[in-house]
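Step one of this worksheet: look at the structure below.
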Amino acid sequence: MANSRRAVRRPRRVQVQFWKRGEVRAQPGYTTNISTTGMFLATNSPHPRGTRLRVEVLEGDRGFMVEGVVVHARKVPMELMRMSQSGMGVRFLTVEELVRELIPAIPGETEEIPVPVAPPSAAPPAPSPPPAPSPSAAPPAARPAPGASPAPSSPKPLEEGGLFSMGFLGPAEFLQTYQRDIVNGGLFVSTRYPGRLQEIVRIELRPPVPGLPSVVLRARIVQRFEPQEGSFGPNLLSGMGVEILDLATVLDELRPIVARMQG
């Protein structure tokens, strides 16, 4: 009989931590099974159906972070815990769902698509004839053959990428991002079109309170995350991890904004 499930659940115990939307402190838990579309998360404090969660899977270099929503939950009494486990089923939100949430909140804004780098010309210029050697002159440096690639040079930061706009659902999410990420010099920017590694980009932080100014910072891309077919498909959050440049100046600009939100 054919399996009617869209995604096969596989038993797997993996340590996780999760946040309810608007919370700063993470709660611990672990998976009992997982598929490409969701997981069952074992915890003594399950959230009710419909709760929005951010889940981080703690599995070394194979770890990842997803957004999800609770589709069912059960709270097992203490005396029955040997027979069953408290927890909640979490459905992963797709990138399409996340982008659909973002677009209505920012009317008229379009997502930036990086401009592709122009390919090198097919025919390289013909090399100049070498000068006649003289007895006292050092031998000329060897010229690369026509069409040969130049020797690789050490990687350098790419100057300078586009502007990525980052919005927030409310003051709680802004403060959470500030306290957990920005003060430590990093940031995760959700986008379907992350820049290239080591590229320097500008990121506009838009406070979710009317009247507060946006802050534009410069950052270097140190990680890229793209949905990969066959590896949890489109359910992974795509985007980029960045290292904030000139962190002291950025914190000085953000302090009055944070104080307004906390006041």
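Once R0 is set to 22 Å, what does the formula 1/(1 + (r/R0)^6) return for the Cβ-Cβ distance between residue 204 and residue 56, expressed as a FRET efficiency to the nearest 0.05?
Values: r = 25 Å, r/R0 = 1.15.
Efficiency computed from Cβ-Cβ geometry: 0.30.
Modelled label positions at residue 245 and residue 196, each set 7 Å beyond Cα in the direction of Cβ, lie 1.6 nm from each other.
Could you please state, rounded to a whole Å, how far the C-alpha centre of the stretch 159-194 is from the C-alpha centre of the stretch 238-262? Centre-to-centre (Cα) distance: 8 Å.
Potential lengthening of the chain between residue 32 and residue 49 amounts to 4.3 nm, from the contour at 0.36 nm per residue minus the alpha-carbon distance.
Mean sequence separation of contacting Cα pairs (under 8 Å, at least six apart), scaled by the length of the stretch 10-93, corresponds to a relative contact order of 29 percent. Annotation: for a label point projected 7 angstrom from Cα along Cα→Cβ of residue 260, residues of the stretch 192-217 with backbone N closer than 15 Å are 205-216.
Since every read-out is calculated from the coordinates, none of them should be taken as a lab result. The model shown is predicted, which means the values in this text are computed figures rather than measured ones. Counting neighbours? That spans all protein chains shown, and the Cβs are built from the backbone with ideal geometry, glycine included.
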